[in-house]
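I have placed the structure first, in the form of structure tokens, so that the comments after it can refer back to it.
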Amino acid sequence: MKNIAIIGAGSYGTALALVAARSHHHVKLWAHDPEVAKTLQSKRENAVYLPGFALPDNIEPTHDLHEALRDAELVITAIPSHVCREVYTNMLPHLREEMIFVSATKGIEIHTQMRMEEVVRDVLQKAFVPRYVALSGPSFALEVAQDQPSAIVAASSEIDAAKAVQAALSSSRFRVYTNTDVVGVEIGGAVKNVMAIATGVVNGLGLGYNSVTALITRGLAEMTRMAIKLGGRGETLAGLAGMGDLVLTCLGNLSRNRQVGVALGQGRTLEQIISETRQVAEGVKTAKATHELSQRIGVEMPITEGVYQMLYEGKTPQQLLQELMDRPLKGE
């Protein structure tokens with residue numbers, strides 16, 4: 001049994017808390033919103049983000065960071081990418097060098113274009129060099145909470161840290177593979193959300209499987225080019241954290257990023273869509289960060305560029321589709 005702190009009580013953080021609790025660990029589940037923490041404590045259910053699942057006794061909700069992190073061996077963050085730096089800065093006084101830091105966040109920081117590993121190391125290097133693990137792969141929170149069979153990846157440059165996470169979270173219904181390619185795993189987890197918006201747009205325009213499949217396949221090519229340019233491995237993008245998560249997010253009805261794209265394709269504005277949900281669609285911010293990163297490192301990413309222009313520069317879904325189809329002909 002381990003002491004595990006899960007920072008972030010959204011749908012995925014709550015689902016991971018259930019995974020850890022089922023393996024008989026003691027779990028502290030930290031909620032940023034004090035009202036959410038109170039509801040978790042009183043109702044023993046996350047009625048806001050993941051209703052319908054009772055929290056077992058070995059999950060202890062809290063709004064107190066010190067309490068959440070006290071005695072923790074694994075610190076799992078399931079938070080939006082744009083608050084990662086702030087949350088780790090706030091956690092820093094309560095952290096210890098022997099902890100293993102596990103990021104389940106799938107995004108890129110906008111103003112620095114840093115991956116989550118880079119953000120965490122940038123904050124924690126003031127105190128120590130962290131043992132870092134990226135947790136990613138095709139795993140909708142609802143299905144994880146339902147204890148449906150799922151498989152994900154724990155990636156770390158320190159394989160012992162990845163194996164520790166694998167051992168702590170794996171069960172007969174939740175399979176964790178290890179990997180040493182943190183770059184590839186994090187780029188796959190972030191950029192697939194941009195591709196899911198594009199795929200949703202295609203669906204929203206009323207187009208079929210030919211268009212969707214072409215988009216997913218060329219999206220994978222973009223993700224792979226970026227990962228390799230940054231030092232990742234191409235084969236990682238062919239695995240669970242790349243192709244697996246891409247297919248899930250682009251085709252699954254539970255995908256918030258796909259839902260954003262569908263609504264855009266149907267003619268709704270981004271402001272209307274965002275105003276109607278408390279859930280975060282990471283691809284909206286990641287599209288900007290990925291576009292700027294691709295420009296900086298010189299990687300051609302036409303789908304990403306088109307999604308960025310649609311979200312931030314007023315390009316219509318119809319224009320996005322036509323410009324992708326009208327690009328110069330080339331070899332695959």
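At-a-glance table
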read-out	value
Scope the range 245-255; condition outside any helix (DSSP H, G or I) and buried (at least 21 other Cβ atoms within 10 Å of the Cβ); matching residues	Ser255
One residue from Ala54, Ala72, Ala78 being outside the structural domain of Glu282 (by TED's automatic domain parsing), surrounded by 14 or more Cβ atoms within 10 Å (Cβ to Cβ) and closer than 25 Å to Phe140 by Cβ	Ala78
Unique match (being in contact with a Lys or Arg (Cβ under 8 Å, 6 or more places away or on another chain), in contact (Cβ under 8 Å) with a residue 24 or more places away in the chain and not aliphatic (A, V, I, L, M)) among Gly265, Gly242	Gly242
Meets criteria (out of contact with any Leu (no Cβ under 9 Å at 6 or more places or on another chain), surrounded by 14 or more Cβ atoms within 10 Å (Cβ to Cβ), assigned to a helix (DSSP H, G or I) and in the same structural domain as Glu300 (by TED's automatic domain parsing)) for Glu222	yes
Residue identified as small (Gly, Ala, Ser), within 20 Å of the chain's Cα centre (by Cα) and not in a helix (DSSP H, G or I) among Gly242, Gly232, Gly267	Gly232
Filter result for the condition that a residue is farther than 25 Å from Pro138 by Cβ, free of Cβ contacts under 8 Å to residues at least 60 places away in the same chain, under 21 Å from the mean Cα position of the chain (by Cα) and surrounded by fewer than 24 Cβ atoms within 10 Å (Cβ to Cβ), over His32, His26, His94, His66	His32
Selection status of Val201, touching a residue at least 12 places away in the same chain (Cβ under 8 Å), touching a Leu at 6+ places or on another chain (Cβ under 6 Å), assigned to a helix (DSSP H, G or I) and not assigned by TED's automatic domain parsing to the domain that holds Glu109	yes
Scope the range 285-302; condition surrounded by fewer than 22 Cβ atoms within 10 Å (Cβ to Cβ) and under 12 Å from Leu320 (Cβ atoms); matching residues	Pro302
Any chance Ser156 is modelled with pLDDT of 95 or more, closer than 22 Å to Ile187 by Cβ and in the same structural domain as Ala9 (by TED's automatic domain parsing)	yes
Sole exception among (1) modelled with pLDDT under 95; (2) surrounded by 21 or more Cβ atoms within 10 Å (Cβ to Cβ) for Thr39, by number	(2)
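Let's see how each residue does on (1) of a type in the set (Gly, Ala, Ser); (2) buried (at least 22 other Cβ atoms within 10 Å of the Cβ):
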position	(1), (2)
Gln125	no, no
Val129	no, no
Tyr132	no, yes
Gln146	no, no
Ala151	yes, no
Ser157	yes, no
Lys163	no, no
Ser172	yes, no
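The values are calculated or read from the model by the stated rules, or taken from the named source; none is laboratory data. Computed from a predicted structure; not experimentally measured. For neighbour counting, all protein chains shown are included, and Cβ atoms are generated from backbone atoms with ideal geometry for every residue, glycine included.
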